[in-house]
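See structure below.
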Amino acid sequence: MAASTSSSGPWLTCAPQVGAKHASCCAARPTVEASVPRPGMPGATEKLLLCDEHFLQRRGALRAAGAVVFGADGRLIMPRSWESD
């Protein structure tokens, strides 16, 4: 998956890969793809495929890390424009 860097951080440039058989977190089918900035590595991100349960449990940590999260339909889930940073 390609990533580009804008003035506000790394962003995915293509559709998420949530059609995988297993999530990064468990054996469940992934429902979201998170692109998480890697600390100390400007412009580098780590891709995580998460199931619903683990996404809901970890969304606060993902938000705090500055993750960009897309749903299976490619819709941006996080960050949302009405959420304060």
* Count of the range 44-61 residues which are aliphatic (A, V, I, L, M), under 8 Å from ALA34 (Cβ atoms) and either part of a helix (DSSP H, G or I) or free of Cβ contacts under 8 Å to residues at least 12 places away in the same chain (or both) -> 0
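Within the range 39-69, can you find the residues that are among the hydrophobic types (A, V, I, L, M, F, W, C), out of contact with any Ser or Thr (no Cβ under 8 Å at 6 or more places or on another chain) and surrounded by 11 or more Cβ atoms within 10 Å (Cβ to Cβ)? Before you say what the answer is, go through the steps one by one.
As a first pass, look at the range 39-69 and keep what is among the hydrophobic types (A, V, I, L, M, F, W, C): 41, 44, 48-51, 55-56, 61-62, 64-65, 67-69.
Going one step further and asking which of them are out of contact with any Ser or Thr (no Cβ under 8 Å at 6 or more places or on another chain), we end up with 41, 44, 56, 61-62, 64-65.
Matches in the range 39-69: ALA44, LEU56, LEU62, ALA65.
Quick one: would you say THR5 is among the hydroxyl-bearing types (Ser, Thr, Tyr) and either modelled with pLDDT of 90 or more or under 13 Å from the mean Cα position of the chain (by Cα) (or both)? Break it down into steps so the answer makes sense when it comes.
Details: among the hydroxyl-bearing types (Ser, Thr, Tyr): yes; either modelled with pLDDT of 90 or more or under 13 Å from the mean Cα position of the chain (by Cα) (or both): no.
So THR5 does not fit the description; no.
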* Within the range 20-38, tally of residues that are acidic (Asp, Glu) and surrounded by fewer than 18 Cβ atoms within 10 Å (Cβ to Cβ) -> 0
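The values are calculated or read from the model by the stated rules, or taken from the named source; none is laboratory data. All of these numbers come straight from a predicted model, not from anything done at the bench. Because the Cβ atoms are built from the backbone with ideal geometry, glycine has one as well, and the counts that use them run over all protein chains shown.
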